[in-house]
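Engineer: This is the structure I have questions about; it appears just below.
The values are calculated or read from the model by the stated rules, or taken from the named source; none is laboratory data. Remember, it's a predicted structure, so these values are computed and weren't measured experimentally. In this analysis, Cβ positions are derived from the backbone assuming ideal geometry, glycine residues included, and neighbour counts consider all displayed protein chains.
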Amino acid sequence: MKKLILCLILAFWVVQQPVKTSAESITMNFEYIDTEKDILIHVIWEKEQPDLLFIAPDGTQYNPELEQEGAMTVIGADEMFYLIYKAPKGQWKITYDKKSNETIQIGVEDYNTNFFISSFTIGQMDGSMLPVVFQAEHSTYDVQYQYVISAVIEKLGEEKELARGRAYANQESSIMLNLEKLASYSDYMLQLYVVYNDNGTDIFDMIYSEPFSYTNPATPQAVTDYTVLMKPDEYLVDIRWDNYPRNAQSVMIALFQNNETEPVFYDEYHPDDKSVSLSYYPGVETLKIDFSVKTNDLYSEPLVKTIELTASASIEFEDILAMNKNMLEMRYHHFSKQKAILTVNENQTELYLDGSGGMGIGLQDDWNHVNVTYTDSNNISWIVSKEIFVDRIPPVLSLFEDYNGILTKDSEFMIVGSVGDCSSLVINGQEVQFDVDGSFSHTVALHDGENRFDCVASDAVGNETLYTAVITKVSGSDKAASDKQNTVKGIRGYLPLIIGSALGFLALLYALIFWRKRKPN
C-alpha cells in the first residue's frame, strides 16, 4: 500500500508523535464494520487538532499522526481525512482527547478505491528544468482530477510546491517542473498528490518519486565564515555570525549528531540576531553544523563545520564546588602545542599545553570564576569553566568554661559549649549532635588520673577548630589535696585583685604624704 504523509494540499507542518493519554482521554465504541472494506474517517475540530487512536476489533491500533502500513492521512487547517484500507469486520473503538476544543465531529463512510496513481517517473534534468510523467487511473470513467507536485526532503517535513493543475484519469500527463526556486540539495523527492470530489467526498491518492540531486546554478555562495564556541561542561554550542550579505533574508542553522542524516535541530534566524546557543545530548561523539544564508528566496551552499567531541583535546577541573585550599587542580589531555588563556576572576595567564598533564591554579578566598579558552586547528573555539568557592575560615568553637586542669572526684563530666558555621562536632572520636543555635552538651566518662579529651568542630569543606583539655579524676584519699589545690586555684584567681588593691592603697598614701609636705605653714 502507498503511504501518505500529513499536510498534502495545504503544506502544513506536522510533528510525528504518539497519541497522548491524559485525564481527558476517553475510550468508547466507534463504529461497527459489517464487512472488511476501505473506510474514510473525517474529523473536524474548532481550535486545535485532537489526539485520536482508532482500535480495530483484533486490537490493531491506527494512529493518524504516524506513518503506518495500510493507512494514510491528509490534514488541513481544521479537518483531517484518515483512510484505512481493508478495515477488519467488527466493532471498532476510539480513544480521543479533544484538547481545547469544545466539540469535535467524527464521521466515517465507505471509500471508493477505484481511483489510484498507476505511474510516476522523473526524466533527465536540463539545468533547472525537470520533466515528469504520471498517470492516475479510475476503473469506471475518465474523471477529471486535481494534482499537486511538491519537492520534499523528508516524508514528514516541509513541502515546496512546484506545480498544480488538472488532468484526466486513464491518460498519461507530462509536465516540465521549474526547480529554480529550490536550494541545492542531494536527496530531494517529488511528492504527487491527486484528488477529485465524488458527491461531496474527496477521493485521493499519494506517491513519492525516487530521490534525486539538484544543484541550483543560482545558489548564492556560502558565507565566508562563522564562529563556533564549544562549552562541553554545559553541553552547549554557541554559533555567532557577524558578517552576512546586506540583502540576507534569514540565516538557517541545522545541527546534526553522530553522523545522522536528519538534524536534531534546525531553524531560521534573523540576520541581526548575530548568535544562537544550542544544546546537545551528553555522550554525543560528533556534531555537524550546516550554516546557510537565504537571499532572493534561495539558501546559499551550507558552510559545514564538524566537531569531534571524543577525539578532541580536553580539559577538566576537580569535581568540587567548594574547598578549603587556594589551589585548584586542572588536568589536560591530548593537546599538541596549543596556546590557551587561563582566566581566574579578572586575571589572565597564557598557557602552552602539549600532550597530557596537570597543573595547579591559584585561587583567592571567596568565589572564583575560572575558565580556559583556546581555538583548535579546525578553528573551533572551546571554553571550559568552573565556579568554585574557597573557604579557609574555621568554624567557631566556644566552651562554657576552660576545662583544662580541672580536678574532680566524679566518674563523669559534662562538657557544654556552642559551635558556629559547623557541620560536624566530634569529641574523642564520638559524633556529637548540636542544636540549631549551635549549643551542645556531652558527657564523658572519667577514669582515675588524667583524662584527655579532644573536641573537633569541622565545616563542610574540611576546616577544623580543635580544643584539647585534661581533666583529672582524684580518688577519695586525694580529697584534701583536691580541696587544697582548688583553694590555691581560688586564691590565684583573686591574686590580681589583691595586688591591684595594695598598689592603689600605696599610691593614695604617697599622695597624702606629698600633699602634707607641700602644705604651707
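Engineer: Is it the case that Val43 is closer than 20 Å to Thr201 by Cβ and either modelled with pLDDT of 90 or more or in the same structural domain as Thr201 (by TED's automatic domain parsing) (or both)? Talk me through it step by step, then tell me what you get.
Structural biologist: Working: closer than 20 Å to Thr201 by Cβ: yes; either modelled with pLDDT of 90 or more or in the same structural domain as Thr201 (by TED's automatic domain parsing) (or both): yes.
Yes; evaluated as a whole, the condition is true for this residue.
Engineer: For the stretch 309-326, which residues satisfy the criterion of being of a type in the set (Gly, Ala, Ser) and either part of a loop (DSSP other than H, G, I, E, B) or surrounded by 18 or more Cβ atoms within 10 Å (Cβ to Cβ) (or both)?
Structural biologist: Across the stretch 309-326, the qualifying residues are Ala311, Ser312, Ala313.
Engineer: Taking the stretch 275-308 as the search range and keeping residues that are of a type in the set (Lys, Arg) and in contact with a Phe, Trp or Tyr (Cβ under 9 Å, 6 or more places away or on another chain), which one is surrounded by the fewest Cβ atoms within 10 Å (Cβ to Cβ)? Can you show your working first?
Structural biologist: Of the residues in the stretch 275-308, the ones of a type in the set (Lys, Arg) are 288, 294, 305.
Right, trim to in contact with a Phe, Trp or Tyr (Cβ under 9 Å, 6 or more places away or on another chain) and you get 288, 305.
Values: Lys288: 17, Lys305: 19.
Only one residue tops the list, namely Lys288.
Engineer: Take Val132 and decide whether it is assigned by TED's automatic domain parsing to the domain that holds Gly200, assigned to a strand (DSSP E or B) and either more than 30 Å from Ile149 (Cβ to Cβ) or of a type in the set (A, V, I, L, M) (or both).
Structural biologist: Numbers: assigned by TED's automatic domain parsing to the domain that holds Gly200: yes; assigned to a strand (DSSP E or B): yes; either more than 30 Å from Ile149 (Cβ to Cβ) or of a type in the set (A, V, I, L, M) (or both): yes.
Against the criterion (assigned by TED's automatic domain parsing to the domain that holds Gly200, assigned to a strand (DSSP E or B) and either more than 30 Å from Ile149 (Cβ to Cβ) or of a type in the set (A, V, I, L, M) (or both)), Val132 qualifies.
Engineer: Tally up the residues in the stretch 118-129 that are assigned to a strand (DSSP E or B) and out of contact with any Phe, Trp or Tyr (no Cβ under 7 Å at 6 or more places or on another chain), please.
Structural biologist: Going residue by residue through the stretch 118-129, those that are assigned to a strand (DSSP E or B) are 118-122, 126, 129.
Then keep just the ones that are out of contact with any Phe, Trp or Tyr (no Cβ under 7 Å at 6 or more places or on another chain); that gives 118, 121, 126, 129.
The number of residues fulfilling the criteria is 4.
Engineer: OK, next. Yes or no: the stretch 166-174 includes at least one residue that is surrounded by 15 or more Cβ atoms within 10 Å (Cβ to Cβ), in contact with a Leu (Cβ under 9 Å, 6 or more places away or on another chain), at pLDDT 90 or above and outside the structural domain of Ser300 (by TED's automatic domain parsing).
Structural biologist: Scanning the stretch 166-174, I find no residue that is surrounded by 15 or more Cβ atoms within 10 Å (Cβ to Cβ), in contact with a Leu (Cβ under 9 Å, 6 or more places away or on another chain), at pLDDT 90 or above and outside the structural domain of Ser300 (by TED's automatic domain parsing), so the answer is no.
Engineer: Show the residue pairs meeting these rules: Cβ distance below 7 Å; 6+ apart or different chains; first residue within the stretch 456-467 and in the same structural domain as Val426 (by TED's automatic domain parsing); second residue among the polar types (S, T, N, Q) and outside any strand (DSSP E or B).
Structural biologist: These pairs meet every condition: Ser458/Ser423; Asp459/Ser423; Ala460/Ser423; Val461/Asn324; Gly462/Asn324; Asn463/Asn324.
Engineer: Based on what the data block shows, is Glu316 charged (D, E, K, R), modelled with pLDDT of 90 or more and at negative phi?
Structural biologist: Values: charged (D, E, K, R): yes; modelled with pLDDT of 90 or more: yes; at negative phi: yes.
So Glu316 fits the description; yes.
Engineer: Here is a list of conditions, (1) assigned to a loop (DSSP other than H, G, I, E, B); (2) within 39 Å of the chain's Cα centre (by Cα), and Ile94 meets all of them except one; can you say which number that is?
Structural biologist: Result: Ile94 passes all but (1).
Engineer: Also, I was wondering about something else. Considering Val432, Val436, which residue is surrounded by 15 or more Cβ atoms within 10 Å (Cβ to Cβ) and over 30 Å from Ile239 (Cβ atoms)?
Structural biologist: On the way: Val436 fails: surrounded by 15 or more Cβ atoms within 10 Å (Cβ to Cβ).
Val432 is the lone residue from the list that is surrounded by 15 or more Cβ atoms within 10 Å (Cβ to Cβ) and over 30 Å from Ile239 (Cβ atoms).
Engineer: Of all strands (runs of 3 or more DSSP E) completely enclosed by the stretch 184-266, which ones contain at least 3 residues that are under 30 Å from Ile39 (Cα atoms)? Before you say what the answer is, go through the steps one by one.
Structural biologist: On the way: elements: 185-198, 201-208, 212-214, 227-231, 236-240, 250-257.
By residue number, 185-198, 201-208.
Engineer: Hey, any hits in the stretch 276-292 for a residue that's acidic (Asp, Glu), under 31 Å from the mean Cα position of the chain (by Cα) and at pLDDT 85 or above? Outline the logic, then answer.
Structural biologist: Going residue by residue through the stretch 276-292, those that are acidic (Asp, Glu) are 285, 290.
From what's left, under 31 Å from the mean Cα position of the chain (by Cα): 285, 290.
Of the ones still in play, those that are also at pLDDT 85 or above are 285, 290.
Yes, the stretch 276-292 has at least one match.
Engineer: Out of Trp382, Trp367, which single residue is under 40 Å from the mean Cα position of the chain (by Cα), crowded, with 19+ Cβ neighbours inside 10 Å and of a type outside the set (A, V, I, L, M)?
Structural biologist: Working: Trp367 fails: crowded, with 19+ Cβ neighbours inside 10 Å.
Answer to the check: Trp382.
Engineer: Just to be sure before I move on: is Val194 closer than 19 Å to Pro302 by Cβ and of a type in the set (A, V, I, L, M) in the structure I sent?
Structural biologist: Working: closer than 19 Å to Pro302 by Cβ: no; of a type in the set (A, V, I, L, M): yes.
It is false that Val194 is closer than 19 Å to Pro302 by Cβ and of a type in the set (A, V, I, L, M).
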